[in-house]
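Structure, as C-alpha cells:
The values are calculated or read from the model by the stated rules, or taken from the named source; none is laboratory data. These figures come from a predicted structure and were not determined experimentally. Glycine gets a Cβ as well: all are built from the backbone with ideal geometry, and neighbour counts include every protein chain shown. Quick note on the areas: whole protein, heavy atoms, side chains included, nothing else; ligands and nucleic acids left out. Shrake-Rupley method; radii C 1.70, N 1.55, O 1.52, S 1.80 Å.
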Amino acid sequence: MPARRRGRGGKPVTGGHLVRLLEERGPIRAVGVVGMGYVGIPAAALFADSGAFTTVLGFQRDSPTGRPKIALLNRGESPLGGEEPDLAAILSRVVTAGTFRCTSDFSEIAPLDAVTVAIQTPFARPEDLLPDFSSLFEGLRSVGRHLTPGTLVVVESTVTPGTTGGPARRILEEESGLTAGEDFALAHAPERVMVGRLIRNIREHDRVIGGLDPASTRRAVELYTPVLAANRVIPMTALAAEVTKTAENAFRDLQIAAVNQLALYCEAMGVNVYEVRAGIASLKDEGITRAILYPGAGVGGHCLPKDTYHMERGVTTLGSELDFPEGSESLFVLARRINDFMPRHMATLTEQGLARAGKGLRGSRVAILGWAFLRNSDDARNTPSEVFYTLVREAGGVPAVHDPYVRQYPGVEISGDLEAVVRGADAIALFTAHSAYTSLDPYRLKTLSGKDHPVVVDGRNLMDPDAFIAAGFVYRGIGRGDKNSHPIRRG
Ligand code: SAJ
C-alpha cells in the first residue's frame, strides 16, 4: 500500500491542506463520470451542456456490454431504452461540441478536477436483503488508482449510511495513498432520477449534497450548481445525505404500506377504500396533509424494495444506543412486509374468486395483465407480478403474461397479444396500471375466456366492478370491500 502523504517532520498532514489544494486547483473545469448507466449518462450530458466545464469524460468498463455503449455514446447517441426527453439532443450537442467523450481508459482520471461515481447497488440476493457493492467498489478502486491531490470524488449511488465515510473512503485512500478530507475532497450526492424523466429530475429536483468535511461539501456544491435549474442545493454531511436518500424512499414505501393496510381493512369491513381515500384526502388546510397514496397489487422497482433495508442496515452498523420500543419490529420493515404481502393477497383474491365459480387454482389458466412494476414503463425490476406468477404455478395453476411494454424477462414468456393471453382464461389478474388496460370491454374478455363466470381481480382500480359483474364475471378488487361479495349475475 503506497505510503500515506506526510508533511514536514514526517507527521501526517492534517488541517486546511485540502482548502489550499482546492484553491491552487481553481474552479472545476474537467469532470469525470464513472458508470454510463441511467444515472451517469444524463449526469455527464448535463455537466457537459452546462457551459461551466471544458471537458467531461464518461468512464465505462471495456466489457462485452460496455464496449457498444462507448461507441454509441461517442456517436452522440443514447444507449438507454425507453423515452428520455431531451437526452438524445443534449448528447448529440455535447459530443459535436467536443465537451463530452466516453472512454474505458481510467488513467484519464488523473488530470480531472472532479469525478462522480454512479454505479448501481442491486441486491446480491433479494432474500438476504444485502446489497451487492462489488461493482461500486470496483469503480472506486479504478478512481483511487488514478486519483491526484485536490480532486473531488462524489458517490452518487444509493448506499447504506456510513458507506461514503467508511468503505468508499478506505478504498480511495488505499488505492491512492492520499487522505480524504486532506488531500482530496469526498462527498455523497444521491441521485433522485426516475426512468422516463432523467434529465428533468436532475435539473428540477433539489440536490442533497453531503461532504466528509465542509471543504468537500463546498467543492461538491460548486460541481452541481451549474446543472441545477431553479432548484436548491441542500448541503449537509455525507452521512446525513446517505440517511436522507434511503429514508426518503423508506417514507414513500411506508406511505404506500399505510394505504395498502387500509385497503385490507376496508375489504374486511365491506367498504370501498377509494371512497375512504377520497374522504381522507379532502381534509386539507395550512400545514394539514394526509399525503395518502394509492393501494395496489404491490411495490416494485429499483428503489423502494431495497432502500428501507439500506437505512435499517445503517442503523445496525452505525447505531449506538438505539432507544426503541422493546421487542418491536421497525415500522419501516413492517411496511416492507405489508407491501410484499400485496401480490400474495392478489393470489388469495384470485383463489376466492375461482372458488365462487366452483374452481381452484390447480389447473386454472390465469391471465396476468402487466409485468412492468410501473404504469406505461418497460421496467420490470422487482416486479410484484413475479411473486404472483410463482404462487399460481406453485398452486398448479397455468399463468399467462401480457405486457404492452416488457418484451422479455428471464424464465417468463411475455406476450404483447392481449386477446391471446386472455383466451381460455379462468381468471384475469390486473397488476400494472398500463393505459392499455383502462378501457377493457368486459363482454369481449368474457367471450375470449369462454367461461360462464370468469374471475377478474383488479390490483390497480382500473376496472368498473359493476360492468364486469353485469357481464357475468366474479369480481375481486384490492380494497373493494363493497363489491367483493357480490351476487353472481348470469351475464
Ligand atoms: N406504488 C403504489 N402506490 C402508490 C405509488 C406507487 O402501489 O401510490 C407502487 C408502484 O406501482 C410501483 C412502486 O410502488 O410498483 C414504486 O413506484 P414509485 O412511483 O415510487 O416509482 P419508483 O420506484 O421509480 O420511485 C422513484 C423514487 N425516486 C428515486 O429514487 C429517485 C421515489 O423516491 C420517488 O418518490 C418516485 O420515483 C416518484 O415520486 O416518482
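Taking a Cβ cut-off of under 13 Å around LEU262, the surrounding Lys, Arg, Asp and Glu residues balance to a net charge of +1, with basic ones at +1 and acidic ones at -1. Here the chain is treated with +1 on each Lys and Arg Cβ and -1 on each Asp and Glu Cβ, and its dipole about the Cα centre works out to around 420 debye.
Determine the shape class of the range 200-254: with a ≥ b ≥ c the square roots of the Cα gyration tensor eigenvalues, call it rounded for a/c under 1.5, and otherwise prolate if a/b is greater than b/c, oblate otherwise. Oblate, because a/c is 1.5 or more while a/b does not exceed b/c. Taking a ≥ b ≥ c as the square roots of the eigenvalues of the alpha-carbon gyration tensor, the range 15-231 is classed rounded because a/c is under 1.5. Projecting the Cα atoms of GLY450, VAL19, VAL474 onto the dipole axis of the chain, where Lys and Arg carry +1 and Asp and Glu carry -1 at the beta carbon, places GLY450 farthest toward the positive end. Dimensions of the chain based on its C-alpha atoms, expressed as ranges along the principal axes with the largest first, amount to 91, 56, 44 Å. Against the longest principal axis of the chain, how steep is helix 238-269, in degrees 0 to 90 to the nearest 10, with axes from Cα atoms? Result, in degrees: 10. Taking 30 Å as the straight-line reach from the Cα of LYS359, the lysines in range (excluding those fewer than 8 positions away in the same chain) are LYS446, LYS451, LYS483.
The alpha-carbon of LYS245 sits under 21 angstrom from the alpha-carbons of these lysines, leaving out residues fewer than 8 places away in its chain: LYS306. With all protein chains present, calculate the accessible area of ARG29 using a 1.4 Å probe and round the result to the nearest 10 Å². Accessible area of ARG29: about 110 Å².
Tell me, what % of the accessible area of the chain is carbon and sulfur with a 1.4 angstrom probe? About 53 percent, which is the carbon plus sulfur part of the accessible surface. Rg/Rh for the range 239-491: what does it come to with C-alpha atoms and Rh from Kirkwood? Reported Rg/Rh (Cα atoms, Kirkwood Rh): 1.01. The residues of the chain have, on average, 44 Å² of accessible surface per residue, using a 1.4 Å probe with all protein chains present. Shape of the range 258-299 from the C-alpha gyration tensor: oblate (a/c of 1.5 or more and a/b not above b/c, with a ≥ b ≥ c the square roots of its eigenvalues).
Taking GluC sites (Glu not before Pro) as exposed when DSSP calls them loop (any state but H, G, I, E, B) and at most 15 other Cβ atoms lie within 10 Å, what is the longest stretch of the chain free of them, the sites themselves excluded? Formally, the longest exposed-site-free interval is 84-285. The angle between the Cα long axis of helix 87-97 and the main principal axis of the chain comes to about 20°, on a 0 to 90 degree scale. Other residues with beta-carbon under 14 Å from the beta-carbon of LEU361 carry, at +1 per Lys or Arg and -1 per Asp or Glu, a net charge of +4. Annotation for the range 443-487 versus the range 134-158: alpha-carbon center distance of 54 Å.
To the nearest ten degrees, helix 214-224 and the longest principal axis of the Cα atoms of the chain are 60 degrees apart.
Rounded to the nearest 20 debye, the dipole magnitude of the range 15-231 is 340 debye, with +1 charges on Lys and Arg beta carbons, -1 on Asp and Glu beta carbons, and the Cα centre as origin.
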